[in-house]
Amino acid sequence: MADRVTVIGWDGSPLTAAARSALGAATLVAGAAHHLSLPEVPRGAERIRLGSVALAARRIAAHRGTAVVLADGDPGFFGVVRTLRAPEFGLEVEVVPAVSSVAAAFARAGMPWDDAHVVVAHPRTLRRAVNVCRAHTKVAVLTSPGAGPAELGLLLEGVHRTFVICEELGTDREQVSVVTSDKAADHTWRDPNVVIVIGGPGGGAESGGWIAGRDPATGPRGWTLPGETYGVLGEGESDLLRAAQLARLGPRTGDLVWDIGCGGGAFAVEAARAGAAVIAVDRDPAACARTEAAARRLGVQLHIVHGTAPHALENLPEPDVVRVGGGGAAVVSAVADRRPQRIVTHAATRDAAELVGRDLTEHGYDVECALLQSVELDTRAWTETERSVAFLLSGVLPVRAG
């Protein structure tokens, strides 16, 4: 095992005395090509071109001597330190940090970033990174080949955002460009780069907070809000049913939620309050307007589509979870064809519930159904004021091994 492993962050600035001292004593140095060409790297040291960090860690673990790993920015922030500290390698690691590429990008843009979300986009995580950009007004995206500014812009179709694209930070080829998201695919961008994604209603507001990222305490308290918060609500939008639907779907940051038949916007807004990206669909322009107004009033981002399902769903990006608030069995069947992880809907009669349940089962979903009854009471006289009954159906795709 290496006697000592020092991880040095590099941001283009002159190396610190601690970093120069560690490099001077190194018998093995791992890093990217621009790191290995630094004049401080000892000529006699073994050099490893850093591709797979896990492979490099195995070679370091087998090395007898002093090892140094060079990495861009802060190596403890979405960097190599996590892999190097994995138990299977048994390495004792010291870290000499530098300014992270995210901090540098926001500095170049002259913007605070304590209120920003930070996501990593690889080809396998790109869709979830895009969903965070849909749901939030300030996001920094650490990109990778195949998951860069062009791909972000293409997947954000229909959602206007501004991109601040910082290429090759800390080098003499550094460049900062500002483009709209729909223009990002028109250019070829150099790696590595960081994309700051800004926009949406309220995106320009800046205020100090107490927690990094989105403040979870913003807005009224409660997973579901009283119906009067939204004004006019339709059939199937009762507080109890909405709470049960949210519980079954469990929308979260990185998800894309479809709300089909969004009505007054209550479910769509509350899914967005949970951190998910939401596309709300309704054939009634008045319902779309009410949903947009509710989103603006409660400070969340929604993409609203005026159209009739299932045809309005054809060109929408793939959802993680879906609420079908209107359209019946035909719409549920069209949604199931898209294979979201979870689907919830409701029915007014047992026959309608059985029809939807059979269709979900035929599509391979595990189906649950519950009869929900809620009775509202006037607590001044303890008399009944309103009663609602609905069959709540949920379908979950089974998790398949391998």
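Worth pointing out:
- Residue count, segment 160-169 (criterion: open to solvent by 20 Å² or more (accessible area, probe 1.4 Å) and within 21 Å of ALA71 (Cα to Cα)): 2
- Helices (runs of 4 or more DSSP H) lying entirely in segment 245-341 (those with 3 or more residues that are more than 24 Å from ARG358 (Cβ to Cβ) and open to solvent by less than 20 Å² (accessible area, probe 1.4 Å)): 266-273, 285-298
- Summed over segment 118-136, residues that are open to solvent by less than 40 Å² (accessible area, probe 1.4 Å) and either under 22 Å from GLU270 (Cβ atoms) or in contact with a Lys or Arg (Cβ under 7 Å, 6 or more places away or on another chain) (or both) total 7.
Conditions tested, residue by residue: (1) out of contact with any helix residue (DSSP H, G or I) (no Cβ under 7 Å at 6 or more places or on another chain); (2) farther than 22 Å from ASN131 by Cβ; (3) among the hydroxyl-bearing types (Ser, Thr, Tyr); (4) modelled with pLDDT of 90 or more.
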{"residue": "LEU169", "(1), (2), (3), (4)": "no, yes, no, yes"}
{"residue": "ALA185", "(1), (2), (3), (4)": "no, no, no, yes"}
{"residue": "VAL195", "(1), (2), (3), (4)": "no, no, no, yes"}
{"residue": "GLY203", "(1), (2), (3), (4)": "yes, no, no, no"}
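- Test for GLU384: is it charged (D, E, K, R), in contact with a Leu (Cβ under 9 Å, 6 or more places away or on another chain), at pLDDT below 95 and part of a strand (DSSP E or B): yes
- Near pairs, Cβ below 8 angstrom, 6+ apart or cross-chain, from segment 89-106 (on the phi > 0 side of the Ramachandran plot) to any residue that is open to solvent by 70 Å² or more (accessible area, probe 1.4 Å): GLY90/MET1
- Residue in segment 366-388 that is closer than 17 Å to ILE260 by Cα and open to solvent by 80 Å² or more (accessible area, probe 1.4 Å) present: no
- Residues in segment 218-234 that are open to solvent by 70 Å² or more (accessible area, probe 1.4 Å) and either of a type in the set (Lys, Arg) or free of Cβ contacts under 8 Å to residues at least 40 places away in the same chain (or both): 2 in all.
- Residue match in segment 120-141 (condition: at pLDDT 95 or above, of a type outside the set (Asp, Glu), over 28 Å from ALA274 (Cβ atoms) and outside any strand (DSSP E or B)): no
The values are calculated or read from the model by the stated rules, or taken from the named source; none is laboratory data. Predicted, not measured: the structure shown is a model, and the values here were computed from it. Every residue, glycine as well, gets a Cβ built from its backbone with ideal geometry; the counts of neighbours run over all protein chains shown. Heavy atoms of the whole protein, side chains included, go into the accessibility calculation; ligands, DNA and RNA do not. Shrake-Rupley method; radii C 1.70, N 1.55, O 1.52, S 1.80 Å.
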